[in-house]
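J.: Have a look at this one.
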Amino acid sequence: MDNVTALGADVYEIDTRMAGYSGITAGYLILGDRPCLVETGTSTSAPIVRDALTSLGVGPDDLATVVVTHIHLDHAGGVGDIARFYPSAEIVVHEKGARHLADPSRLMASAKMVWGDKLDVLFGALAPTDAARIRALGDTGNIDLGNGRTLSSHYSPGHAKHHVGLLDSLSGDLYVGDAAGVYLPETGDLRPATPPPDFDLGVALDSIALFDALGPQRLLFSHYGPVTNVAETLERSAEELRIWVDLTRQARSEGLDLDHAVAMVRDRTRERYAALQGDETTAEQFELLSGAPSNVAGIMHWLDRTPG
């Protein structure tokens, strides 16, 4: 299939075609003895992901595990649907996200407040998953991929309090979710992802330092794709966070409201990203992935509750 890319070590990148776009959100299949899907994409992407798994020989009873880095709808919106398609699969998520997969009503209500009418088009609705099938992870945990291969989970809550990074013991791949930001392979751009309500600069930088300390061979971004230049990329992730926080802090100290702060930060950071210099489609894609309004709002929220 044209939305499946072999990455080596029995790992396959699946373009989930979020909202009909290519290159927005990736899921990954680790095709070992116990096949494991990392990230489901959105609810509306679930049939696309199922077709990709079918093309790789994974039938309804073959998928052992579904694990999500966190429960935001672009990563986990399809969990309920995928759980229904693969009745034998265990669903793995950090303990702070588990109850929202079992009962998505609060998560969907807050998403509706943020996205309004765009919610259905971008994400669809997260269907509930039987609580008995959900395994909640603590700060660390292991997922058995078969044949001695494991996926170890590492709590990394800078982006969201229910976020984990996942390290493959065989390939050295680290699934970074959104904790290292958003990467655009066409341009090599990297931009932070700092949405409300959980963003915390210190915690976010600690998460990046943890990822570095794990010594991964490759970073697999949910947005989007593999990066082998690990140390330099993580360094840039930290730098981007500091720049966005510094600019937002400056806007706040000047008394700018959110809209004007967004305009200022967007203007001051524009030259950092080739995607914003090129065609409109790439720029639109970049804004959808890591929108300046969401990023600045998340940083403002953190500044408002941080003394000094």
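The values are calculated or read from the model by the stated rules, or taken from the named source; none is laboratory data. Fair warning: this is a prediction, and the values are worked out from it, not measured in the lab. Positions of Cβ are backbone-derived with ideal geometry, glycine not excepted, and every protein chain shown enters the neighbour counts. The accessibility values were calculated without ligands, DNA or RNA, using every heavy atom of the protein model including side chains. Shrake-Rupley method; radii C 1.70, N 1.55, O 1.52, S 1.80 Å.
J.: Where the eigenvalues come from the Cα gyration tensor of the range 109-156, what are the semi-axes √(5λ) of the equivalent ellipsoid, largest first, in whole Å?
T.: Details: eigenvalues 206, 36, 28 Å².
Listed largest to smallest, the semi-axes of the range 109-156 are 32, 13, 12 Å.
J.: If the range 158-200 were replaced by its equivalent ellipsoid, with semi-axes equal to the square roots of 5 times the Cα gyration tensor eigenvalues, what would those be, largest first, whole Å? Write out the running numbers ahead of the final one.
T.: On the way: eigenvalues 82, 60, 5 Å².
The three semi-axes for the range 158-200 are 20, 17, 5 Å.
J.: Can you give me the solvent accessible area of ASP144 with a 1.4 Å probe, rounded to the nearest 10 Å²?
T.: Approximately 80 Å² for this residue.
J.: Please report the accessible area of LEU258 (heavy atoms, 1.4 Å probe, ligands and nucleic acids excluded) in Å², nearest 10.
T.: Here the residue's solvent-accessible area equals roughly 80 Å².
J.: If you don't mind, another one. Per residue, how big is the convex hull of the range 67-200 when only Cα atoms are used? Give it in Å³. Could the numbers behind the result be given before it?
T.: Values: hull volume 17.5 nm³, N = 134.
Considering the Cα atoms of the range 67-200, their hull volume per residue is 131 Å³.
J.: Further question: Using the alpha-carbon centroid of each, what span in Å lies between the range 248-277 and the range 136-172?
T.: 34
J.: Residue separation times 0.36 nm, minus the C-alpha to C-alpha distance between VAL4 and ARG84: what's the value?
T.: Details: separation 80, 0.36 × 80 = 28.80 nm, distance 2.19 nm.
Answer, rounded to one decimal: 26.6 nm.
J.: Counting other Cβ atoms within 10 Å, keep those with at most 15, restrict to DSSP loop, and tell me which GluC sites (Glu not before Pro) in the range 211-308 are left. Walk me through the numbers on the way to the answer.
T.: Values: sites: GLU232, GLU235, GLU239, GLU240, GLU254, GLU271, GLU280, GLU284, GLU287; in loops: GLU254.
Of the GluC sites (Glu not before Pro), the ones in loops of the range 211-308 whose Cβ has at most 15 other Cβ atoms within 10 Å are GLU254.
J.: What do you reckon, how do ARG17, ARG270 stack up by accessible area (1.4 Å probe), largest on top? Write down the numbers at each step before the final one.
T.: On the way: ARG17 65, ARG270 95 Å².
The most accessible residue leads, giving ARG270, ARG17.
J.: Just to verify a number: FRET efficiency for ARG270 and GLU232, C-beta to C-beta distance, R0 = 25 Å, to 0.05? Spell out each step's value before the answer.
T.: Working: r = 22 Å, r/R0 = 0.89.
For ARG270 and GLU232, the calculated efficiency is 0.65.
J.: Using Cα centres only, tell me the gap between the range 191-207 and the range 1-80 in whole Å.
T.: 25
J.: Report the FRET efficiency, 1/(1 + (r/R0)^6), for LEU170 and GLU95, where r is their Cβ-Cβ distance and R0 is 22 Å, rounded to 0.05. Display every interim value, and only then the final one.
T.: Details: r = 26 Å, r/R0 = 1.18.
My answer for the efficiency is 0.25.
J.: Output the Kirkwood hydrodynamic radius of the range 166-308, Cα pairs only, in Å rounded to one decimal.
T.: Values: mean 1/r = 0.0643 Å⁻¹.
Value: 15.5 Å, from the Cα pair sum.
J.: Solvent-accessible area of HIS260, probe 1.4 Å, all protein chains present, reported in Å² to the nearest ten, please.
T.: Estimated to the nearest 10 Å², HIS260 gives 110 Å².
J.: Can you give the extra length, in nm with one decimal, that the chain gains between ASP279 and ARG133 once fully stretched, where that is 0.36 nm per residue apart less the Cα-Cα distance? Could the numbers behind the result be given before it?
T.: Working: separation 146, 0.36 × 146 = 52.56 nm, distance 4.44 nm.
This chain segment gains 48.1 nm when fully extended.
J.: Run through every distinct alpha carbon pair of the range 1-136 and return the Kirkwood hydrodynamic radius in angstroms, one decimal place.
T.: On the way: mean 1/r = 0.0684 Å⁻¹.
Final number for the Kirkwood radius of the range 1-136 is 14.6 Å.
J.: Right, next: Given the -39500 (n - 2.57) contribution per DSSP H run of 4+ residues, what per-residue ellipticity at 222 nm results for the chain, rounded to the nearest 500 deg cm²/dmol?
T.: Helix contribution divided over all residues of the chain: -11500 deg cm²/dmol.
J.: Here's something else I'd like to know. According to the square roots a ≥ b ≥ c of the eigenvalues of the Cα gyration tensor, what is the shape class of the range 135-234, taking rounded for a/c under 1.5, prolate for a/b larger than b/c otherwise, and oblate for the remainder? Each step should come with its number before you reach the end.
T.: Values: a/c = 1.90, a/b = 1.18, b/c = 1.61.
It comes out oblate by the Cα gyration axes.
J.: Quote the convex hull volume per residue of the chain, based on C-alpha atoms, as a whole number of Å³. Kindly include the intermediate steps, with their values, before the conclusion.
T.: Numbers: hull volume 37.3 nm³, N = 308.
Measuring per residue, one finds 121 Å³ for the Cα hull of the chain.
J.: How big is the dipole moment of the range 89-222 about its Cα centre under a simple scheme where the beta carbon of each Lys and Arg is +1, that of each Asp and Glu is -1, and everything else is neutral? Debye, nearest 20, please.
T.: Working: 11 positive and 17 negative charges, 52 e Å.
My answer is approximately 240 debye.
J.: Another question, then. Bin width 5 Å, origin at 0, all Cα-Cα pairs of the range 179-260: what percent of pairs per bin?
T.: Result, from short to long distances: 3, 14, 24, 23, 17, 11, 6, 3, 1 percent.
J.: Using the Cα centre of the chain as the reference point, and only Cβ charges (+1 on K/R, -1 on D/E), how large is the resulting charge dipole? Debye, rounded to the nearest 20.
T.: Numbers: 24 positive and 43 negative charges, 130 e Å.
Dipole size: approximately 620 debye.
J.: If you rank THR282, THR269 by how much accessible surface each has, with a 1.4 Å probe, what is the order from largest down? Walk me through the numbers before you get to the answer.
T.: Numbers: THR282 30, THR269 0 Å².
The most accessible residue leads, giving THR282, THR269.
J.: Another question, if that's okay. In what sequence, largest accessible area first, do PHE211, PHE85 appear using a 1.4 Å probe? Could the numbers behind the result be given before it?
T.: Numbers: PHE211 0, PHE85 40 Å².
Largest accessible area first, the residues go PHE85, PHE211.
J.: Something else: Against the empirical 2.2 N^0.38 Å scaling, what ratio does the C-alpha Rg of the range 13-70 come to?
T.: Details: Rg = 10.7 Å, N = 58, 2.2 N^0.38 = 10.3 Å.
Ratio of Rg to 2.2 N^0.38 Å for the range 13-70: 1.04.
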